[in-house]
Amino acid sequence: MSNVIPFRARKKDKGQAGNGGQFASATHQTSTVSLDHPTPRSAVVPDTLRMAHFQDPALELRLRMCLDDGPDGHDRAKASFIRCLPNLNPAEAGMYFEEALDLREDGGDDELEHCLAVAAAKDTDAHPGGRLKDGYMPPLPEHGPGYGQSIKVTGGKYTGFRDAAAIAKDVRADLKEAVAANYLPAGLGYSVTSERFAGGQAVRVSIRGVPDSDRLDPEAPDRWGSPGMRPEAKELIERVTAITNAYNNQDVDSMSDYCNVTYYDHVDIESESTREWREREAAQRKARAARTSA
């Protein structure tokens with residue numbers, strides 16, 4: 001997508017050139033959407049959370065849906081369109097919105113599709129984490145009908161029931177491959193452990209090496225008033241969770257208390273206080289072992 005020519009370079013010759021044709025005066029309003037947006041993500045994403053952008057396959061559909069509010073919802077639709085392109089300068093994203101709106105009104109469906117594709121490609125290229133390594137395919141599960149009202153989610157590498165210890169070994173290899181492909185940030189540690197118990201088994205991943213200052217956003221408090229998690233930190237957890245569940249088959253219907261999974265999963269980013277406790281416990285164990293062997 002990186003070699004696509006920006007769509008605004010195309011010279012329009014329909015109706016009132018460049019101004020939306022015969023529908024422009026009836027549809028477009030003076031926008032009240034503020035373009036004084038936060039600094040683009042490329043300038044604020046910490047190095048510990050930089051990872052390649054994996055474009056949502058439904059992004060172009062989402063952009064098209066933003067155009068459907070009609071004349072009365074122009075500003076609301078524009079704001080939604082801009083939010084779908086978080087890596088672009090808001091003014092540039094708004095420019096693509098106005099161009100797409102013109103094309104939808106003029107009936108140029110092919111040109112509209114091209115405009116939306118270019119906007120999506122520009123957003124991908126502007127992502128601070130760069131691109132994925134050629135040939136790497138992120139884990140994409142399959143969805144299907146499950147028990148009751150549930151939707152069964154089957155990992156792309158699921159082959160049937162397996163022991164959690166064997167799955168954990170494969171997850172470690174998959175995480176290493178994802179780091180090499182730039183799907184996960186470089187320089188972090190991933191502790192993968194397995195557990196078996198009376199009710200089943202579990203695979204747990206602890207992401208280590210992200211400082212609290214990178215992980216938390218004081219300006220976005222959670223419901224308890226504590227600093228919330230940065231969007232990039234949430235995305236990191238989502239990506240590691242997807243890798244962890246690549247071997248899982250999950251069918252859960254909470255309305256009827258039905259739960260049938262190959263294994264339970266848990267992924268978190270280790271806090272600095274947890275790291276300090278872990279290192280202190282490790283030092284105490286080492287000291288006890290040294291005294292015992294003396």
> Considering only Cα-Cα distances, which of the following residue pairs are longer than 31 Å: Lys157/Lys234; Lys78/Lys234; Lys133/Lys286; Lys78/Lys133; Lys78/Lys157?
Replying inline: Lys133/Lys286; Lys78/Lys133; Lys78/Lys157
> Sorted by mean Cβ packing within 10 Å, highest first, what order do the peptides 167-177, 149-159 take?
Replying inline: 167-177, 149-159
>> For the range 162-294, what does the relative contact order come out to in percent, with C-alpha contacts under 8 Å and a separation of six or more?
In response: 23 percent
> Given a Förster radius of 45 Å and the C-beta distance between Arg196 and Asp125 as r, what FRET efficiency does 1/(1 + (r/R0)^6) yield to the nearest 0.05?
Replying inline: 0.50
> Could you list, bin by bin from short to long, the percent of Cα-Cα pairs of the range 190-294 in 10 Å steps?
Replying inline: 12, 30, 30, 21, 6, 1
> In whole angstrom, how far apart do the alpha carbon centroids of the range 232-266 and the range 166-195 sit?
Replying inline: 16 Å
> In what sequence, highest mean first, do 93-102, 276-285, 125-134 appear when ranked by Cβ atoms within 10 angstrom?
Replying inline: 93-102, 125-134, 276-285
> Cα centroid distance between the range 203-229 and the range 86-101, in Å?
Replying inline: 30 Å
> To the nearest 20 debye, what is the magnitude of the charge dipole of the range 201-284 about its Cα centre, counting +1 on the Cβ of each Lys and Arg and -1 on the Cβ of each Asp and Glu?
Replying inline: 200 debye
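Just so you know, all these numbers are worked out from the coordinates, no wet-lab data involved. Model, not experiment: these values are computed from the prediction. Reconstructed Cβ throughout: ideal geometry from the backbone, glycine too, with neighbour counts over all protein chains shown.
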